[in-house]
1. If you scan the range 275-296, which residues turn out to be under 25 Å from Glu482 (Cβ atoms) and surrounded by fewer than 17 Cβ atoms within 10 Å (Cβ to Cβ)?
2. Looking only at the range 610-633, filter to residues that are touching a helix residue (DSSP H, G or I) at 6+ places or on another chain (Cβ under 6 Å) and at pLDDT 85 or above; which one of those is surrounded by the most Cβ atoms within 10 Å (Cβ to Cβ)?
3. So which of Leu475, Leu429 ends up being surrounded by fewer than 24 Cβ atoms within 10 Å (Cβ to Cβ) and either in contact with a strand residue (DSSP E or B) (Cβ under 7 Å, 6 or more places away or on another chain) or part of a helix (DSSP H, G or I) (or both)?
4. Note down all Cβ pairs under 9 Å where the first residue falls in the range 206-221 and is acidic (Asp, Glu), the second is surrounded by fewer than 16 Cβ atoms within 10 Å (Cβ to Cβ), and they're at least six residues apart or on different chains.
5. Is it true that some residue in the range 34-41 is part of a helix (DSSP H, G or I), assigned by TED's automatic domain parsing to the domain that holds Leu168 and either out of contact with any Leu (no Cβ under 7 Å at 6 or more places or on another chain) or not polar (S, T, N, Q) (or both)?
6. State all residues of the range 500-532 that are among the charged types (D, E, K, R) and surrounded by fewer than 18 Cβ atoms within 10 Å (Cβ to Cβ); if no residue qualifies, say none.
7. Looking at Leu127, Leu116, which one is of a type in the set (A, V, I, L, M, F, W, C), surrounded by fewer than 24 Cβ atoms within 10 Å (Cβ to Cβ) and touching a Leu at 6+ places or on another chain (Cβ under 7 Å)?
8. Just to be sure before I move on: is Gln232 surrounded by 13 or more Cβ atoms within 10 Å (Cβ to Cβ) and of a type in the set (S, T, N, Q) in the structure I sent?
Amino acid sequence: MKQEVELEIGGKRLTIETGKVAKQANGSVTVRLGDTMILSAVCATDKPLEGRDFFPLTVDYREKTYAAGKIPGGFFKREGRPSEKEILSCRIIDRPIRPLFPDDYRNEVQCHNIVLSADQENDADILGIIGTSASLVISDIPFTKAIAGVRVGRVDGQLIIFPTFAELEGSDINLTMAGSKDSITMVEGGGREVPEEDLLTALEFGHNHIKMIVEKIDELREKAGKPKAEYQPVAVDNALKTRVGELARSRLQEYNTIADKDERRNKKHALKDEVLEALAEEFPESEGIIDMILHDLDAEVMRAMIVNENHRIDGRGLDEVRPITCEIGVLPRTHGSALFTRGQTQALVTMTLGTKMDEQRIDDLEGESTKSYMLHYNFPPFSVGEVRPIRGVSRREIGHGALAERALQPVIPVEDRFPYTIRLVSDILESNGSSSMASVCGGSLALMDGGAPIKEAVAGVAMGLIKEGDKVLVLTDILGDEDHFGDMDFKVAGTAQGITAFQMDIKISGLDLNTMRIAMEKAQKGRLYILGKMNEVIAKSRDQLSAYAPRILTMKIRVDKIGEVIGPGGKNIRSIIEATGAKIDISDDGTVLIASVDGAAGEKAMRMIEEITEEAEIGKIYNGKVRRITNFGAFLEILPGTDGLLHISEIDTKRVERVEDYLKVGDRLDVKVVNIDNDGKIRLSRKVLLTAPVKKE
């Protein structure tokens, strides 16, 4: 039976409905905001998959082009692989719901989100969080804690809930967040150097609206919720657990004080083999259970060491950043490069400058657009000492790249000041915690090394959390194991002035604002420390671009001259490109960008365009070519495509009876422009040059 709930939020109506479509799924809802609508449906297997020691959750988010009244491009005319936007939307839905399933639940779960209607004003990604939560809550899947998501913007100092695409253009905060009625579970977004206190205010504002939506989801559960299904938790033999503890606890306590990641990992692998061999006869066919027990014991030991002894794996204090080294100009032929190393995390970041023709073209539900700045992140398996196949870019790589790209966006120079397309590539060469923040630091250094005039350096740091009972410890610059075994990964990037990007994931049920305040305060100190280390190497952008980077010259021509520059079938512009080797891009407003590594070639191309587009000026002398003779004078081409009339009375100082006695077609002679009327007709004179010779300009 159809059931729905609705509420007014931010001046818009939000509606959640179930019981009408996709009724064979374990749970399904449609969520509508304005005229944007999404279908969320969830399904789970009846039994856990054999041999799995993890929770197999899959989240998908797909945008149907029909939602915006469009037909897909390309040969096949149907939606293909997910776009970057769709993958990022999957991630913001996945991250807040994953920690809320039971720890021992192993049934496979799929969460589908399909955008059915897009009004091109309201983004559907947030509706995916709301819809997935609602469909899970009303289903028989053991997911009981309702959450909701919102987006927060700020325009002219006023916070806005669910800002439109247009409002976000003028917003200095773009905050995506999810939470339950009592805590925050996920945060992601960016800002234009926003102070920490302002971000906390935005979080509180967003959480207040989340509570309103959660209340409606709980109301829908009362109307249409199914009884929760029983599931078989993973059985652990207490005797086996005790034996593993006897064999491994003290050794793990010792190994978790080894700072080097490889040495620590190798010793733990050897310990695992020893424990499996020692218990093989006593507990046969228990390899998977033993592995799980060892993993949980390792987490328990590491967390106890931090909570009880304030001792981290590598011996650092809770607020201490790992040793940092920064190098710039490490690659000889790139336009800009940097090698940023923090502990055992290392990012090689390169900057490449291109022209407007190198911009990324995007065609999505919001319409067509271009990107002149992009950051791509690569995480090869050797960075963590692993062997695995490389099959395209992973969701994680896209997510980390988007975070680093967002962090640097506010300092990227505007096109009017720096008319280049900028591509940054971060290749992670080593990883032991927060390679995305290393990409931010390396990206900032590479931009400065390449001479891109960014206004300030940007750095990032990852914060962790260990929560045991009432004791809460926030860790600065977390290692990989501290991320894996900890309760939070909170990445904060920004300049010395404020925050530009942030992302928070937690593995517990939620986080309060006070703990987030502490994390932000410590993150600010860590960020300023890292910025200090970066500024020791390069504090501002180089004055000159790399010798291998293109030089871009900018000029403006009249719109009605664009066709003359291009020529019939592109003849004129091709001849300029062939003669100079420069790249030329002409915008519809008459802006011409000329790019060439050789500065002289670019200037030559500019002169050739100036010759085509030059306009006649009164009082200026030109060397014209006779094109046509009439009985009242001659028409001369004084500029490419520009003719003027030399009247018979202006040919000589004495009376001229026949034009042909003085001129013939093809002759060249100096003439002066004496008048241009309102219709653009040009009058020329040779006589004035004979009576009062003037030096040719």
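The values are calculated or read from the model by the stated rules, or taken from the named source; none is laboratory data. Source: prediction; values computed, not measured. No Cβ is skipped: glycine too gets one built from the backbone with ideal geometry, and neighbour counts run over all protein chains shown.
1. Going through the range 275-296, the residues under 25 Å from Glu482 (Cβ atoms) turn out to be 275, 290-296.
Once the filter is applied, which keeps residues that are under 25 Å from Glu482 (Cβ atoms) and surrounded by fewer than 17 Cβ atoms within 10 Å (Cβ to Cβ), the range 275-296 yields Asp291, His295, Asp296.
2. Step one: list which residues in the range 610-633 are touching a helix residue (DSSP H, G or I) at 6+ places or on another chain (Cβ under 6 Å), which gives 612-613, 629, 632-633.
With at pLDDT 85 or above added as a condition, the list becomes 629, 632-633.
Values: Ile629: 18, Phe632: 10, Gly633: 20.
Among those residues, the one meeting the criterion is Gly633.
3. Numbers: Leu475 fails: surrounded by fewer than 24 Cβ atoms within 10 Å (Cβ to Cβ).
Only one candidate qualifies: Leu429.
4. Matching pairs, first to second residue: Glu215/Leu7.
5. No, that holds for no residue.
6. In the first step, residues of the range 500-532 are kept if they are among the charged types (D, E, K, R); the result is 505, 507, 512, 517, 521-522, 525, 527.
Answer for the range 500-532, where residues must be among the charged types (D, E, K, R) and surrounded by fewer than 18 Cβ atoms within 10 Å (Cβ to Cβ): Lys507, Asp512, Arg517, Glu521, Lys525.
7. Values: Leu127 fails: surrounded by fewer than 24 Cβ atoms within 10 Å (Cβ to Cβ).
Checking each option against the conditions leaves just Leu116.
8. Numbers: surrounded by 13 or more Cβ atoms within 10 Å (Cβ to Cβ): no; of a type in the set (S, T, N, Q): yes.
Against the criterion (surrounded by 13 or more Cβ atoms within 10 Å (Cβ to Cβ) and of a type in the set (S, T, N, Q)), Gln232 does not qualify.
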